[in-house]
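The values are calculated or read from the model by the stated rules, or taken from the named source; none is laboratory data. Computed from a predicted structure; not experimentally measured. Here the Cβ positions follow ideal geometry from the backbone for every residue, glycine too, while neighbour counts run over all protein chains shown. These area figures cover heavy atoms from the full protein model, side chains too; ligands, DNA and RNA do not enter into them. Shrake-Rupley method; radii C 1.70, N 1.55, O 1.52, S 1.80 Å.
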Amino acid sequence: MGLSLHLKPAVNRIKFGMNIRNPMLQDIKNNYPLAYEAGIIAGIAVKEYTGIEMDENEIGYLALHFGAAIERKKLQSGPKRCLVVCASGLGTAQLIFYRLKSYFGHNLEVVGTTEYYKLKQMNLNGIDFIVSSIPIQESFHIPVIEVNAVLKEQDLKSIEKFIVNQNTSQPILSYFHKDLTFLKEKLATQEKALEFLNDVLLDKGLVDDTFLEAIYEREKVAPTAFGNLVAIPHPITPKTKKTFVVVCTLVKPIIWSETPVQIIFLLCVKKDSQEDLQEMYDLLGKFIENKAMVQNILKAKTYDDFIHVIKKEW
């Protein structure tokens with residue numbers, strides 16, 4: 001309803017040449033990249049239906065509605081539910097129980113505690129994972145996160161990562177490949193860089209000869225150079241049989257639609273994909289805003305160096 005109420009005056013504004021500036025545009029691009037891409041697609045749909053072309057300021061306002069919908073969906077899914085298991089002592093289990101409640105608040109429902117020998121008698125329906133201070137050898141068809149009896153910061157971070165990543169269709173690192181990572185390349189322009197990456201994908205049979213044109217079509221809507229030396233080009237519609245990211249760092253920055261760029265993440269999303277790519281977009285968003293991470297990536301000389309930076313920061 002909010003989107004439909006927004007669209008009518010937006011279409012009229014464009015129809016009568018009443019261009020407006022969106023002061024939140026850069027923040028929307030940086031913090032809600034997935035919602036912004038949804039806005040791009042919505043702009044294309046509006047153009048097909050009305051013949052009116054939306055500029056990136058109007059697309060940014062559409063993205064706000066999609067971003068709000070994504071956040072609502074997260075809330076509706078409810079918190080994850082876990083069970084705390086310890087060897088015997090009630091004190092240890094209670095300490096873990098209250099530490100989890102304190103750290104995660106409403107983001108995690110700690111259902112209760114149990115001793116290890118009672119675990120088989122427990123009803124585990126609706127439990128998303130087990131937090132255990134001892135190794136659990138048996139399979140209960142539920143993930144087990146082993147922690148220290150006195151929870152350390154790394155234990156809390158492990159649980160936090162699990163909660164964030166549990167609904168992701170595949171691990172984030174699986175989108176990056178050694179043979180699609182090119183570090184410290186000498187490419188002088190945006191055109192040369194895109195041609196280079198396109199040629200690589202053509203040679204590997206991963207794209208067809210419409211791929212580069214689709215990338216430029218997306219650039220026409222709004223440049224994919226997001227600041228902090230990062231560009232995230234991608235075709236305007238999915239073109240590949242699987243989802244992956246081509247990484248290219250440059251010896252010297254190039255100018256990309258008036259913005260300096262030294263790291264290119266060429267995002268390729270599988271056609272008709274049902275994957276949840278929220279974590280992927282969150283990671284790409286972190287590249288845009290984290291200067292230290294970008295500098296560490298620029299220092300990377302090998303694929304392993306690059307992956308190490310992601311593991312360390314993510």
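From the square roots a ≥ b ≥ c of the eigenvalues of the alpha-carbon gyration tensor of the range 214-314, which class results: rounded (a/c under 1.5), prolate (a/b over b/c), or oblate?
oblate
With +1 on the Cβ of every Lys and Arg and -1 on the Cβ of every Asp and Glu, and nothing else charged, how large is the dipole of the range 88-204 about its Cα centre, in debye rounded to the nearest 20?
Values: 12 positive and 14 negative charges, 66 e Å.
That gives a dipole near 320 debye.
Could you order the peptides 214-221, 104-111 from most to least packed, using the average number of other C-beta atoms within 10 Å per residue?
214-221, 104-111
FRET efficiency for ILE255 and LEU3, Cβ-Cβ distance as r, R0 = 35 Å, nearest 0.05?
0.50
Answer rounded, prolate or oblate for the range 3-47, using the Cα gyration tensor with square roots of eigenvalues a ≥ b ≥ c: rounded when a/c is under 1.5, else prolate when a/b is larger than b/c, else oblate.
Because a/c hits 1.5 or more and a/b fails to exceed b/c, the range 3-47 counts as oblate.
Among DSSP beta bridges lying fully in the chain, give the percent that are antiparallel, nearest 5.
Approximately 35 percent, going by the DSSP bridge assignments.
For the range 110-179, what does the convex hull of the Cα positions come to per residue, in cubic angstrom?
Working: hull volume 9.5 nm³, N = 70.
It comes to 135 Å³ per residue, whole-number rounded.
Treating the beta-carbon of each Lys and Arg as +1 and of each Asp and Glu as -1, no other charges, what is the dipole magnitude of the chain about its Cα centre, to the nearest 20 debye?
Taking the Cα centre of the chain as origin, the dipole is about 620 debye.
Among the listed pairs LYS80/LYS161; LYS157/LYS271; LYS80/LYS157; LYS242/LYS299, which are separated by more than 22 Å between their Cα atoms?
LYS157/LYS271; LYS242/LYS299
Could you check the simple spin-label distance between LYS271 and VAL111, using points 7 Å along Cα→Cβ, in nm with one decimal?
About 4.3 nm separates the two model spin labels.
Over 18 Å between Cα atoms: which of LYS192/LYS252; LYS286/LYS311; LYS186/LYS241 fall into that group?
Table pairs above 18 Å Cα-Cα are LYS186/LYS241.
For LYS47 and THR237 in the same chain, what is the full-extension length gain: residue separation times 0.36 nm, less their Cα-Cα distance, in nm?
Additional length available on full extension: 66.9 nm.
Please work out whether the range 93-252 counts as rounded, prolate or oblate from its C-alpha gyration tensor, where a ≥ b ≥ c are the square roots of the eigenvalues and a/c under 1.5 means rounded, while otherwise a/b larger than b/c means prolate and anything else oblate?
On the way: a/c = 3.17, a/b = 2.70, b/c = 1.18.
Verdict is prolate for the range 93-252.
When the solvent-accessible surface of protein heavy atoms is calculated with a 1.4 angstrom probe, in what order do PHE287, PHE162 fall, highest first?
PHE162, PHE287
So how exposed is SER158, as accessible area in Å² (1.4 Å probe, rounded to 10)?
60 Å²
Please provide three numbers in whole Å: the alpha-carbon extents of the range 185-225 along the principal axes, with the largest listed first.
That gives 28, 25, 11 Å along the principal axes, largest extent first.
So if I place +1 on the C-beta of Lys and Arg and -1 on the C-beta of Asp and Glu, and nothing else carries charge, what would the dipole magnitude of the range 160-314 be about its Cα centre? I want it in debye, nearest 20.
So the dipole magnitude of the range 160-314 works out to roughly 460 debye.
Determine by what factor the alpha-carbon radius of gyration of the chain differs from 2.2 N^0.38 Å, reporting the quotient.
Its radius of gyration relative to the 2.2 N^0.38 Å reference: 1.18.
How many nm is it between the label spots at PHE16 and ALA149, if each spot is 7 Å from the Cα in line with the beta carbon?
Those two pseudo-labels are separated by 7.4 nm.
Please report the equivalent ellipsoid semi-axes of the range 19-105, computed as sqrt(5 x eigenvalue) of the Cα gyration tensor, largest first, in whole Å.
46, 13, 8
With label points built 7 Å along Cα→Cβ from the Cα atoms of ILE172 and TYR98, find their separation and express it in nm.
3.3 nm
Toward the positive end of the charge dipole of the chain, about the Cα centre and with charges on Cβ (Lys, Arg +1; Asp, Glu -1), which of ILE145, VAL111, TYR49 goes farthest?
It is VAL111, whose Cα lies furthest towards the positive end.
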